[in-house]
1. Dipole of the chain (Lys/Arg Cβ +1, Asp/Glu Cβ -1, origin at the Cα centre): which of Val53, Tyr3, Leu65 lies farthest to the positive side?
2. Going through the chain, which trypsin sites (Lys or Arg not before Pro) have at most 15 other Cβ atoms within 10 Å and a DSSP loop state?
3. Using helices alone, I'd like the mean residue ellipticity at 222 nm for the chain: each DSSP H run of four-plus residues gives -39500 (n - 2.57), total over residue count, nearest 500.
4. Suppose every K and R has +1 on its Cβ and every D and E has -1 on its Cβ; what is the size of the dipole of the chain about the Cα centre, in Debye to the nearest 20?
5. With a cap of 12 neighbouring Cβ atoms within 10 Å, and only residues DSSP puts in a loop, list the chymotrypsin sites (Phe, Trp or Tyr not before Pro) found in the chain.
6. Keeping every protein chain in place, order Thr55, Thr72 by accessible area at 1.4 Å, biggest value first, i.e. largest first.
7. For Ser66, what accessible surface area do you get with a 1.4 Å probe? Give it in Å², rounded to 10.
8. Which value, to two decimals, describes the C-alpha radius of gyration of the chain once divided by 2.2 N^0.38 Å?
Amino acid sequence: MSYLFFKDINQEKFDEFVKHHEYCNLLQSYNLAKVKNNWDYMYTGVYKDNVLVATGLVLIKRLPLSFYVLLT
């Protein structure tokens, strides 16, 4: 059993996973990143034995002095 973390999941795979997960909600949508137009973002996913088992949208806000805020 091995887990692999990826930081660039495509929209089709991301939305398909979220759509069918029992704990899905609007705040886990791929398109939520487009609402935060002054934030950067990263679409992440975890694969277990080549099966997508988790996704996460990470919102990134740049702050002064090279600091960041990361929201998941």
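1. Farthest towards the positive end: Leu65.
2. In loop regions of the chain (DSSP not H, G, I, E or B), the sparsely surrounded trypsin sites (Lys or Arg not before Pro) are Lys7, Lys36.
3. -5000 deg cm²/dmol
4. I would put it at about 300 debye.
5. Here the sparse-neighbourhood loop sites are Tyr23.
6. Thr72, Thr55
7. 100 Å²
8. 1.19
The values are calculated or read from the model by the stated rules, or taken from the named source; none is laboratory data. As the structure is a computational prediction, the values presented were derived from the model and not from experiment. Note: ideal-geometry Cβ built from the backbone for every residue, glycine included; neighbour counts use all protein chains shown. Only protein heavy atoms, including side chains, enter the accessible area calculation; ligands, DNA and RNA are left aside. Shrake-Rupley method; radii C 1.70, N 1.55, O 1.52, S 1.80 Å.
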